[in-house]
Amino acid sequence: MLFQSKQKLNTSCRYVNGGLIFTADNKITICDKSSDILSNELIIYDKFNGINFDAAELKAKLEELKYNYSNRFDKKECLNCYNFENIKSKEQIPLNFIELNHWKSCFLNCKYCNYAKTDDLSTVSHYDVTPIIQDMLDKNLINKQTKIIIGCGDALLHPEFDKLMYFFINNDMKDIDIYTPLQRYCHSIAEAIDKKIARLFVSFDSACPYIYQSVKGYNKFDIAVSNLKRYLEFNDKSSKRIILTYKLVKGVNDNKKEILDWFMMSRGLGIKKLFVDIEQNWYDELINSSDENLNQLIIFIKELSLLNNYDIEFSLKLNKLFKQIEKDTNVCI
Ligand code: SF4
Ligand code: SF4
């Protein structure tokens, strides 16, 4: 028998330990690092179309995959993954998180986007995830504390989005993170912010319409700002529930002026927290090399945060790079 339920799992990744990802290419997986060999072994369902879902069956497959992963002697495929951490696993049912990335529509075309997106909502075929979440709740695969991560594409564009959000609100889910470029206003989000159960990560990557268009393919900066201001009306003034994000894109927005403008714009709008990340392709390049301009930018952002006593969070990827800079240069911030 491959799986013995009583055996303690010992894995080394917050994904393998933590939750499930519903992907845009119709998979349910515990690792979506598509370039990684191992990720193919961690797919629970391929060609998933939303029907005939059985949470009990999923739970059994999940346990078996985690058990197989924990017994691999050679996890070297994971070593360059920023999610790899030397942590011991705990029993993770109910799951820590569910990441919903199965949305297939977006009005933008970001340089760093790997998803196959369309802006034609009428041609999109996707499944309604609400009954699946209901089944997982009923079978105790998730509970009210499970973090729900609503990823890009722009989930807000989908007709069933409001229904799903009200499902979360009515079921008293406590922790919802929504990643969006904010091309639509949804009252369900305003209500979730008002109830303090959701955080909104708004992707700007810039502070001016020109750079916005260079990163995101279209000039829809003003729409995003105007929707953002409507959500801010529901946000407690000191709250960090609305977070602006900036993904560093090589040769496009990787300069101090744009970052400083973005910081000033955010502060002017009353935003209390920022999040900075780096595009995956650039990060992959840096595994075998280093980039002095980027190092200076990372230090600049750290100083911006410290000198202004402002909460600027780094992604796991940037934190990993920052640790490397500290090690190589003895910079201590
Ligand atoms: S460490 Fe990275 S590549 Fe390995 S299983 Fe976790 S997310 Fe996937
Ligand atoms: S907003 Fe999200 S889904 Fe849309 S193009 Fe950008 S990264 Fe892709």
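Every number in this text was worked out from the coordinates using simple rules, so none of it is lab data. Just so you know, these numbers come straight off a predicted model, no measurement behind them. For neighbour counting, all protein chains shown are included, and Cβ atoms are generated from backbone atoms with ideal geometry for every residue, glycine included.
Numbers below:
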read-out: Relative contact order for the chain, counting Cα pairs under 8 Å that sit 6 or more residues apart, in percent; value: 13 percent
read-out: Options 159, 67, 101, ranked by Cα towards positive dipole end of the chain, top entry (Cβ charges); value: 67
read-out: Residue exposure sequence - 277, 311 - by fewest surrounding Cβ within 10 Å; value: 311, 277
read-out: Long-range HN-HN contacts of residue 313 with modeled amide H, under 5 Å; value: 274, 275, 276
read-out: Rule-of-thumb Rg ratio for the stretch 95-329 [Cα; 2.2 N^0.38 Å; N residues]; value: 1.04
read-out: Nearby aspartates and glutamates by direct alpha-carbon distance to residue 195 (threshold 17 angstrom, same-chain neighbours under 8 apart not counted); value: 162, 172, 175, 177, 233, 236
read-out: Modelled label reach - residue 313, point 7 Å along Cα→Cβ, the stretch 243-279 residues with backbone N closer than 16 Å; value: 243-247, 271-278
read-out: Ordering of 261-270, 23-32 by burial proxy (mean other Cβ atoms within 10 Å per residue, highest first); value: 23-32, 261-270
read-out: FRET E, pair residue 208, residue 45, Förster distance 56 Å, beta-carbon r, rounded to 0.05; value: 0.85
read-out: Gain upon complete extension [residue 57, residue 80; 0.36 nm per residue less C-alpha separation]; value: 5.1 nm
